[in-house]
Amino acid sequence: MDAPILRDLLAKSGAWLATKGLTNGRREAEWIFAESLGLSRLDLYTRWDMPLEPTEVAKLRERVARRGRREPLAYIIGTQPFADLMLTVGPGVLVPRPETEELIPLVLAEAPFGTRLLDVGTGSGAIALACAKARPDLRVEATDVSAAALAIAQGNATRLGLGVTFHQGDLTRHLTGPYGVVVANLPYIAEDERGVCDPELAFEPAEALFAGVDGLDLIRPLLADLRRMAPGGVAWLEHGWRQGAAIDALATTQGLTSRLVQDGAGKDRFTRVPVS
Ligand code: SAH
């Protein structure tokens with residue numbers, strides 16, 4: 001049998017992924033092909049008649065099949081762009097989301113020169129590393145409860161040559177302030193929403209996604225520790241788009257005020273809490 005031609009296998013793969021419920025099946029197939037063959041996406045078109053080696057075909061089929069089972073693309077290709085960084089990701093860490101990128105300029109806009117900034121629940125290190133890259137004056141620290149996440153985050157920091165100090169522990173209990181800025185994109189999905197989530201979420205660590213019956217089991221104690229952690233500073237939280245009112249009520253319980261900020265899709269996604 002003749003070796004398959006790049007164009008044909010790509011077309012077949014894209015069409016097959018579309019049958020698996022992926023709206024951008026063709027484009028996702030292009031990413032998998034480009035990454036697996038060491039080509040740019042443009043190369044896929046200029047070299048469309050390239051015959052593929054059996055080992056290449058096997059690798060492509062395996063990766064396309066994984067995506068068809070709805071494993072996140074970022075786990076399959078091993079990287080995810082975030083802000084102006086390319087992060088290494090893998091099972092054990094949440095794939096950083098595009099809406100979280102919007103948090104970076106909000107946070108940096110009010111980080112005083114040279115201040116200590118803490119990223120709570122850092123995962124792949126996305127927020128901390130983007131802040132360190134954009135603002136070398138900041139003293140950036142990051143913490144997570146998960147050793148697996150911290151290993152990936154530390155690896156990203158080393159590879160990108162960015163200076164972030166990592167800590168391991170539950171929320172902020174093991175840390176000593178004061179920090180000028182605390183930023184947190186912690187798990188915030190309510191347990192009973194497990195069943196209605198995208199199939200991709202089943203591949204991500206549950207402890208990176210779910211936070212009790214109302215999704216606020218982590219944000220609640222974080223808010224309660226803010227006065228100790230960031231007196232005179234500011235905290236920024238990312239959360240579910242229907243949690244704004246509940247978070248405002250929790251902040252009030254702590255004697256703090258809060259302001260909701262919408263994401264690019266117009267959803268109540270972020271809360272700013274000045275810490276008095
Ligand atoms: N901030 C990252 C990761 C978000 S996922 C991003 O935006 O991409 C949430 C992270 O919170 C996970 O890495 C999870 O391990 C961490 N986490 C969960 N419970 C925690 C706790 N009690 N203390 C600290 N981190 C926690």
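The values are calculated or read from the model by the stated rules, or taken from the named source; none is laboratory data. Values in this document were obtained by computation on a predicted structure and should not be read as measured data. No Cβ is skipped: glycine too gets one built from the backbone with ideal geometry, and neighbour counts run over all protein chains shown. In case anyone asks, the SASA skips ligands and DNA or RNA and just uses the protein heavy atoms, side chains included. Shrake-Rupley method; radii C 1.70, N 1.55, O 1.52, S 1.80 Å.
If a spin label sat at a point 7 angstrom from the Cα of Asp2 along the line to its beta carbon, the backbone N atoms of region 31-71 nearer than 13 Å would be those of 49-52. The dipole here belongs to the chain: it is taken about the Cα centre, uses +1 on the Cβ of Lys and Arg and -1 on the Cβ of Asp and Glu, and is about 200 debye. Rolling a 1.4 Å probe over the heavy atoms of the protein chains gives the chain an accessible area of 46 Å² per residue.
When you filter the trypsin sites (Lys or Arg not before Pro) in region 83-186 for DSSP loop state and at most 15 other Cβ atoms inside 10 Å of their Cβ, you are left with Arg173.
Taking every DSSP helix (H) stretch of at least 4 residues in the chain, weighting each as -39,500 (n - 2.57) and dividing the sum by the residue count yields a mean residue ellipticity at 222 nm of -11000 deg cm²/dmol.
Counting only alpha carbon atoms, the long axis of helix 25-37 and the longest principal axis of the chain meet at about 80°.
Sorted largest first by accessible area at a 1.4 angstrom probe radius, with every protein chain in place, the residues Asp217, Asp43, Asp119 fall in the order Asp217, Asp43, Asp119.
If eta is 1.567 mPa s and T is 4 °C, what Stokes-Einstein diffusion coefficient results for the chain, Kirkwood Rh from Cα pairs, in µm²/s? For the chosen part, D equals 64 µm²/s.
Cross-link reach is defined here as a Cα-Cα straight distance under 23 Å, omitting same-chain residues fewer than 8 places apart; for Lys59 the lysines meeting it are Lys12, Lys20. What is the percent carbon and sulfur in the accessible area of the chain, measuring with a 1.4 Å probe over the protein chains and ignoring ligands? So the carbon and sulfur contribution to the accessible surface is 56 percent. Of all trypsin sites (Lys or Arg not before Pro) in region 185-260, which ones are in loop regions per DSSP and have a Cβ with at most 16 other Cβ atoms within 10 Å? Of the trypsin sites (Lys or Arg not before Pro), the ones in loops of region 185-260 whose Cβ has at most 16 other Cβ atoms within 10 Å are Arg242.
Along the chain, the longest continuous region that contains none of the chymotrypsin sites (Phe, Trp or Tyr not before Pro) in a DSSP loop with at most 16 other C-beta atoms within 10 Å is 114-240.
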